[in-house]
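The values are calculated or read from the model by the stated rules, or taken from the named source; none is laboratory data. What you see is a predicted model, and the numbers here were worked out from it, not measured in a lab. Please note: Cβ atoms are built from the backbone with ideal geometry, for glycine as well, and neighbour counts cover all protein chains shown.
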Amino acid sequence: MARIPQEIIEQIFTTARIEEVIGEFVQLKKSGSNLKGLSPFNNEKTPSFMVSPAKQIFKCFSSGKGGNAVTFLMELEQMSYPEALRWLAKKYNIEIPEARPQTAEEIEAGNMREAVYLITDVAAKFFKEQMLETDEGKAIGLSYFKERGFNDETINKFHLGYSPEASTAFADYAIANQYSEKALQESGISMKNERGWYDRFRGRVMFPIHSVSGRVLGFGGRILSNSAKAAKYLNSPENPIYHKSKVLYGLYQAKQEIVKRDEAFLVEGYTDVLSFYQNGVRNVVSSSGTALTEGQIGMLKRYTPNITLLFDGDAAGLRASFRGLDMMLEQGVNVRVVSFPEGEDPDSFAKQRTNEELEAFLKSSKKDFISFKTSVLKEDVAGDPLKFAEMVRDVVSSISKVPDQIGRQVFIKEAASILEIDPTALYEELGRLQGIQQRQQKKRQASAPPMEVVQPREAGMVKIHGFEQEERIIHLLVAKGTEAMLDADLDEEEVIPVSIATWIVDEIEEDQIEFATPIFSKMYNMLADEVEKEHVPNTDWWVRREDPEIIKVVTEALTEKYTLANWKSKEIYLPDEKNTIFPLVNETTLRLKYVHVERKLNALKEYLSMENADYNYYMVQFQKWNNARQHINEKLNRVV
């Protein structure tokens, strides 16, 4: 695609609000001047994900990731930089000049993930057009959805479609339009064997599966013929963009309502979601007919900790729910269960009720997991004491998954009341299970590779490779670069205000210091170029850089606490009476110079050890740099 004009990029950054963008993916709550939520990158129980509206950055302390709205989309949704900008432009109604379509060569040369995304998006549009604009699609696909009671709003909202009976319909279309054949095969929408191309979903109505940002990742297809050889439902295979254990059908359409209601309903099938949505209950998602996974639970938990499972009334389906229940309990979810009358499922039930009737049924039928599990298991006990004992153990096993002690105690008391058993016995069984869990955890820890022990350095010593010193200088330039530099030792009339960035650049250029770490060298050179043009970059300028590696450093710099106590913890010691910005900057710069001098001295030692070295010349140089080191030590108040 053609590059997005710089003025449009600036408009996107100026308009987009990071709290609004991330709020579409993570439920954020106020925490002082910032916002806090559960990490979308890790499965965590305690929120460690912070968003700063003032700085327009995010920081995930559990994974170490950080950046701006663009890099968030790049990290979470695996978008490219231009894709993330286009997503933001669409969200904020910013028009981007139309770019020419990619050629086949450009698609092949690009990242395979991007090519698969493109093919999948093209397929979704193709299936929709086939259903709405062809005789076959209208007669078979559209009529099926209409017969099931779905209206035009629902059909359009979920981008439903139809894949023609012709075995190569989409493959022919994609190849004729010069889309990448390799990406076509990687997507699994069409495949190729010794006889040629064929479509996976031929003769099926199509349910596109979206990411939380709205991109099509894959498809579910339902066959309409009565073929005994073909599966009723067929999903896209695992591919570079579709991982079924990490997606939930309908989450893209439901996420705002889930946050609004602070609850999510979890069903099994595609049409369950559609019927609930059309009925007016729109905080509903589906596991797409696959077994519930930890990844899916973690994704849903970003939006709410309150999840209600909706199951068909058949016994097999109810028992199959137990594993999902335990997984939710382990992740700290407040889980409830609703089972429908025998012979009913969420789809059929929602179609036969008004919104008021459906809402009332859901509210009155919710059970906590103890009540639900015991009511299901009691049917198998039938007065058999051995089976009853096994049921008790099964219930306590679920309670042991609850992460907090208070929650476990509450559920033990409830279980004792329902089961009519002494709670002491339940506590003993709980203790036995927790003992097993602790022993298993110790075994895992014992089998893990030993951690490397790093000996603490003496106060005042500096690693000669200088990474930490270079990092501190860059962090200071990013976070404090525009602040005025005032030397506390000068008389007031002698003070000439100068920015920290300008002062540091002058010091570094005067001594011709070079950065050894590539990313810090790159950032310093960018800054020096701007300072030379009499422009001192502020934090907004840094946050809007394109390079994700730079944005990561910028985020770390902006989430540092530049206080005296913090710098002491990093072995930068400043006299308390001079707790001003000047000694902080001066101290940090001197330490970088010290690293530079040490590098020079080490290089000279190498030269002096070489045969045929000009000993006199190198000794003179060595003495010069040694004197410089002594001078820096004196300024740092070191005794060497």
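For segment 411-518, the helices (runs of 4 or more DSSP H) that sit wholly inside it and include 3 or more residues that are at pLDDT 80 or above, among the aliphatic types (A, V, I, L, M) and in the same structural domain as residue 389 (by TED's automatic domain parsing) are 423-447.
Per the listing 72, 58, the residue uniquely surrounded by 16 or more Cβ atoms within 10 Å (Cβ to Cβ), outside any loop (DSSP other than H, G, I, E, B) and either touching a Ser or Thr at 6+ places or on another chain (Cβ under 8 Å) or at positive phi (or both) is 58.
Name the single residue, out of those in segment 24-41 being assigned to a loop (DSSP other than H, G, I, E, B) and in contact (Cβ under 8 Å) with a residue 60 or more places away in the chain, that is farthest from residue 263 (Cα to Cα). Step through it out loud before you land on a result.
Looking only at segment 24-41, we keep the residues that are assigned to a loop (DSSP other than H, G, I, E, B), and these are 24-28, 32-33, 38-41.
From what's left, in contact (Cβ under 8 Å) with a residue 60 or more places away in the chain: 24-27, 38, 40.
On the way: 24: 15, 25: 15, 26: 14, 27: 12, 38: 16, 40: 18 Å.
The residue in question is 40.
When segment 168-193 is filtered for residues that are of a type in the set (A, V, I, L, M) and free of Cβ contacts under 8 Å to residues at least 24 places away in the same chain, the ones remaining, listed by number, are 175, 176, 191. From the list 265, 311, 207, the one residue that fits, being touching a Leu at 6+ places or on another chain (Cβ under 8 Å), at pLDDT below 90 and either of a type in the set (Phe, Trp, Tyr) or crowded, with 23+ Cβ neighbours inside 10 Å (or both), is 311. Within segment 283-302, one or more residues are surrounded by 24 or more Cβ atoms within 10 Å (Cβ to Cβ), modelled with pLDDT of 95 or more and closer than 30 Å to residue 113 by Cβ.
Just one of the listed residues (358, 329) is closer than 29 Å to residue 437 by Cα and out of contact with any Gly (no Cβ under 6 Å at 6 or more places or on another chain), namely 329.
Please verify whether residue 89 is closer than 17 Å to residue 24 by Cβ and either modelled with pLDDT of 90 or more or under 30 Å from the mean Cα position of the chain (by Cα) (or both), treating the condition exactly as stated. Explain how you work it out, then say what you get.
Details: closer than 17 Å to residue 24 by Cβ: yes; either modelled with pLDDT of 90 or more or under 30 Å from the mean Cα position of the chain (by Cα) (or both): yes.
Criteria met by residue 89.
Might you let me know whether segment 359-367 holds any residue that is part of a helix (DSSP H, G or I), in contact with a helix residue (DSSP H, G or I) (Cβ under 7 Å, 6 or more places away or on another chain) and not assigned by TED's automatic domain parsing to the domain that holds residue 413?
no
Every listed requirement among (1) surrounded by fewer than 21 Cβ atoms within 10 Å (Cβ to Cβ); (2) modelled with pLDDT of 95 or more is met by residue 123 save one, (1). Selection of first residues in segment 374-402 that are under 13 Å from residue 427 (Cα atoms) and of second residues that are of a type in the set (Phe, Trp, Tyr) and surrounded by 13 or more Cβ atoms within 10 Å (Cβ to Cβ), restricted to Cβ pairs under 6 Å at least 6 apart or on distinct chains, gives the following pairs, ordered by first then second residue: 399/411. Can you tell me which of 402, 376 is within 26 Å of residue 259 (Cα to Cα) and assigned by TED's automatic domain parsing to the domain that holds residue 417? The conditions single out 402. With respect to the conditions (1) surrounded by 15 or more Cβ atoms within 10 Å (Cβ to Cβ); (2) part of a helix (DSSP H, G or I); (3) at pLDDT 90 or above, residue 336 falls short on a single one, namely (2). Within segment 134-156, the presence of at least one residue that is touching a Lys or Arg at 6+ places or on another chain (Cβ under 9 Å), of a type in the set (Ser, Thr, Tyr) and part of a helix (DSSP H, G or I) is confirmed. Kindly establish whether residue 281 is under 28 Å from residue 200 (Cβ atoms) and not assigned by TED's automatic domain parsing to the domain that holds residue 223. Judged against the criteria, residue 281 is not a match. From the list 348, 339, 397, 371, the lone residue that is in contact with a Leu (Cβ under 7 Å, 6 or more places away or on another chain), small (Gly, Ala, Ser) and farther than 12 Å from residue 310 by Cα is 397.
Per-residue answers, yes or no, for (1) among the aliphatic types (A, V, I, L, M); (2) more than 40 Å from the chain's Cα centre (by Cα); (3) within 18 Å of residue 329 (Cβ to Cβ); (4) loosely packed, with under 15 Cβ neighbours inside 10 Å:
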site	(1), (2), (3), (4)
375	no, no, yes, yes
381	yes, yes, no, no
385	no, yes, no, yes
392	yes, no, yes, no
396	yes, no, yes, no
402	yes, no, yes, no
409	no, no, yes, no
413	no, no, yes, yes
423	no, yes, no, no
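When the helices (runs of 4 or more DSSP H) confined to segment 536-640 are screened for residues that are modelled with pLDDT under 70 and polar (S, T, N, Q), those reaching at least 1 such residues are found at 564-569, 581-609, 615-635.
Collect the residues in segment 39-55 that are crowded, with 18+ Cβ neighbours inside 10 Å and either among the basic types (Lys, Arg) or touching a Pro at 6+ places or on another chain (Cβ under 9 Å) (or both), keeping them in residue-number order. If the condition is that a residue be crowded, with 18+ Cβ neighbours inside 10 Å and either among the basic types (Lys, Arg) or touching a Pro at 6+ places or on another chain (Cβ under 9 Å) (or both), then 39, 49, 55 are the ones that fit.
Residue 281 falls short of the stated requirement of being in contact with a helix residue (DSSP H, G or I) (Cβ under 7 Å, 6 or more places away or on another chain), within 17 Å of residue 213 (Cα to Cα) and not in a helix (DSSP H, G or I). For residue 275, the conditions (1) outside any helix (DSSP H, G or I); (2) modelled with pLDDT of 90 or more; (3) polar (S, T, N, Q) are fulfilled apart from (1).
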